[in-house]
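So the structure is just underneath, and the comments pick up after that.
The values are calculated or read from the model by the stated rules, or taken from the named source; none is laboratory data. Values in this document were obtained by computation on a predicted structure and should not be read as measured data. For neighbour counting, all protein chains shown are included, and Cβ atoms are generated from backbone atoms with ideal geometry for every residue, glycine included.
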Amino acid sequence: MTSTTKMMATRGAVLVLLTGTTLLGLAAGPAAPVPSWGSGLEGVGPCARADRLEVRGAEKQTFACLDDLTTAGTVVSGHTNQADWRGLHAPGTTNPTGVPGLQIDGYFPDTSTTNTNNGWQHDAQFVIRLPEEWNGGLVITGAPGVRGQYANDFIISDWVLSKGYAFASTDKGNTGASFYRDGSAPGGSIREWHRRVTELTRATARVVRSAYGDKADRTYMAGISNGGYLTRWQLENNPQLFDGGLDWEGTLFRAEGPNLLTFLPTALKHYPAYAATGDQQAHDAMIEAGFTPGSEFLWPFHHAYYWDLTQRIYREELDPEWDGALDAGVPFCTSGTPHCDADYDYDDRPAEVEDAVRSISLTGNIKRPMITVHGDLDTLLPPAVDSDVYDQLIDDAGRSRLHRYYLVEDGTHVDGLYAAYPDRLRPLLPCARDGFDLLTAWVEEGQAPAPDRFVPRPTGGDLVNTCSL
């Protein structure tokens, strides 16, 4: 297949992770229906206590007893939204099914209205799932990118529910490509993400105690991309709420850099010249900015669908004065165009911009065990300017004993791209699942996982469903 053909092949499978909407001409799909009482399980487990359950602080909450809380059941019953999670896993991924229990959908008070799930047009939406057979644990997640609360249903919820964990996820309080409009000050929309995860964690802990008659004896934070960032942030800032975390290629924000605004402008400025003529200086600038040698075959797709939009909406969130009255700049502008993000220079911006980034920055000072999984061909958040740096920050903070970092050969940012490049990419979902199992054994059984390492691509086997870190 040619590069162009391979890019076209991904169009039916890949959603832009950072926006949670399809920029590929696909319909977003209908919102999930408002949940209602279901299949006659009301007399068992948490369903028996549903009439006395309350998500404290929620403005709205609905309850549904379901034969199957996994996506195999919720797609049919209308208790998920596939548009939230489409494109995050590789075709052929097998998931557990048949986990009965109680689902609670609702939202906390909020003034923004970007999330249309359940027909509510209300942000700060959440989903809580309580399996009938509970193992005493709880897993909290935040949506990746700026997707809705169901974004982790296939890649995290199904897996942990099958193991007996209760599960909860939040939309983080704002969604979509214009998420930046929700903040009252630069960085405010992202700071709300922190608050919404904390709010949901505390509320779900109370629900779990009421539903099962006992409090959770362990609580984990897990997430991909921006959800990984929130895992890092929570283990740094709210360790009292969690026992450990799984960080799947979390976003790194640092006031002094690196951050999205320090390397994406380089891609916007230099990639077009490289694409047009193979310009060596342009290529060298890309590599120097942090993009991995060998990831060049992924650059056309990321230029078309990721780099430009990501730079503009996060720059608008953190530095809205750069483009004056424009709303998130000029898409795909060429260098030299006024207010063009291809010419954005973070180091030359006023101190107020660095202050905004500092308000959401990570330090590496984690206080609970955490496992990081990252693909070496991640072309949105290259590990050289992300997890490599964060791993060093953890070491510098004296917290290396609490951290394991596994860099996986041929992994990239979203597993949906694997279908186009099965000979050059490797899905990360099975590695993240293995990471979660290593984390729980570490926390619950004292089995320290293997030291940080590079995980080479196996020469055979089922790459879509197996991984050993």
Any hit, segment 350-358, residues being β-branched (Val, Ile, Thr) and outside any helix (DSSP H, G or I): no
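Residues are listed down the side, and each one gets a yes or a no for (1) out of contact with any Lys or Arg (no Cβ under 7 Å at 6 or more places or on another chain); (2) surrounded by fewer than 23 Cβ atoms within 10 Å (Cβ to Cβ); (3) aliphatic (A, V, I, L, M); (4) in contact (Cβ under 8 Å) with a residue 24 or more places away in the chain:
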residue: ILE371; (1), (2), (3), (4): no, no, yes, yes
residue: SER400; (1), (2), (3), (4): yes, yes, no, no
residue: LEU417; (1), (2), (3), (4): yes, no, yes, yes
residue: TRP442; (1), (2), (3), (4): yes, yes, no, yes
residue: GLY446; (1), (2), (3), (4): yes, yes, no, no
So SER468, is it of a type in the set (Gly, Ala, Ser), in contact with a helix residue (DSSP H, G or I) (Cβ under 8 Å, 6 or more places away or on another chain) and modelled with pLDDT of 95 or more: yes
Residue that is surrounded by the fewest Cβ atoms within 10 Å (Cβ to Cβ), among those in segment 251-275 that are over 14 Å from TYR314 (Cβ atoms) and of a type in the set (D, E, K, R): GLU256
Failed condition for TRP159, given (1) assigned to a helix (DSSP H, G or I); (2) crowded, with 21+ Cβ neighbours inside 10 Å; (3) more than 20 Å from the chain's Cα centre (by Cα): (3)
Pairs where the first residue, in segment 334-355, is at positive phi and the second is assigned to a helix (DSSP H, G or I), C-beta under 9 Å, 6+ apart: GLY336/ALA342; GLY336/ASP343; HIS339/TRP322; HIS339/ASP323
Odd one out for THR204, checked against (1) in contact with an Asp or Glu (Cβ under 8 Å, 6 or more places away or on another chain); (2) at pLDDT 95 or above: (1)
Condition check for ASP378: crowded, with 16+ Cβ neighbours inside 10 Å, outside the structural domain of TRP299 (by TED's automatic domain parsing) and free of Cβ contacts under 8 Å to residues at least 40 places away in the same chain: no
Every residue from segment 337-349 that is more than 27 Å from the chain's Cα centre (by Cα) and either among the hydroxyl-bearing types (Ser, Thr, Tyr) or part of a loop (DSSP other than H, G, I, E, B) (or both): THR337, PRO338, HIS339, CYS340, ARG349
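Residue-by-condition table, conditions (1) assigned by TED's automatic domain parsing to the domain that holds TRP134; (2) exposed (fewer than 15 other Cβ atoms within 10 Å of the Cβ); (3) modelled with pLDDT of 95 or more; (4) out of contact with any Ser or Thr (no Cβ under 8 Å at 6 or more places or on another chain):
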residue	(1), (2), (3), (4)
ALA50	yes, no, no, yes
VAL55	yes, no, yes, no
LEU66	yes, no, yes, no
GLY101	yes, no, yes, yes
ILE104	yes, no, yes, no
Subset tally (residues that are in a helix (DSSP H, G or I) and surrounded by fewer than 18 Cβ atoms within 10 Å (Cβ to Cβ)) for segment 297-329: 4
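What number of residues within segment 162-195 are at negative phi and either surrounded by fewer than 24 Cβ atoms within 10 Å (Cβ to Cβ) or among the aromatic types (Phe, Trp, Tyr) (or both)?
Filtering segment 162-195 down to residues at negative phi leaves 162-163, 165-171, 174-175, 177-186, 188-195.
If we keep only those that are either surrounded by fewer than 24 Cβ atoms within 10 Å (Cβ to Cβ) or among the aromatic types (Phe, Trp, Tyr) (or both) as well, we get 162-163, 165, 167, 177-186, 188, 191-195.
So the answer is 20.
Within segment 451-460, can you find the residues that are modelled with pLDDT of 95 or more and either more than 19 Å from PHE436 (Cα to Cα) or part of a loop (DSSP other than H, G, I, E, B) (or both)?
At the first step, the residues of segment 451-460 found to be modelled with pLDDT of 95 or more are 451-458.
Listed by number, the residues that qualify are PRO451, ASP452, PRO456, ARG457, PRO458.
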Single condition GLY173 does not satisfy, out of (1) under 19 Å from GLU316 (Cα atoms); (2) in a helix (DSSP H, G or I); (3) under 16 Å from the mean Cα position of the chain (by Cα): (2)
Hey, LEU402 touching a Leu at 6+ places or on another chain (Cβ under 7 Å), assigned by TED's automatic domain parsing to the domain that holds PRO449 and farther than 19 Å from ILE156 by Cα or not: no
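Helices (runs of 4 or more DSSP H) wholly in segment 186-294 with at least 2 residues that are closer than 26 Å to LEU377 by Cα and touching a residue at least 40 places away in the same chain (Cβ under 8 Å) - which ones? Break it down stepwise before answering.
Working: elements: 188-212, 226-237, 260-277, 280-289.
Fully inside segment 186-294 and qualifying: 226-237, 260-277.
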Residues located in segment 389-398, provided they are assigned to a loop (DSSP other than H, G, I, E, B) and either in contact (Cβ under 8 Å) with a residue 24 or more places away in the chain or among the polar types (S, T, N, Q) (or both): ALA397
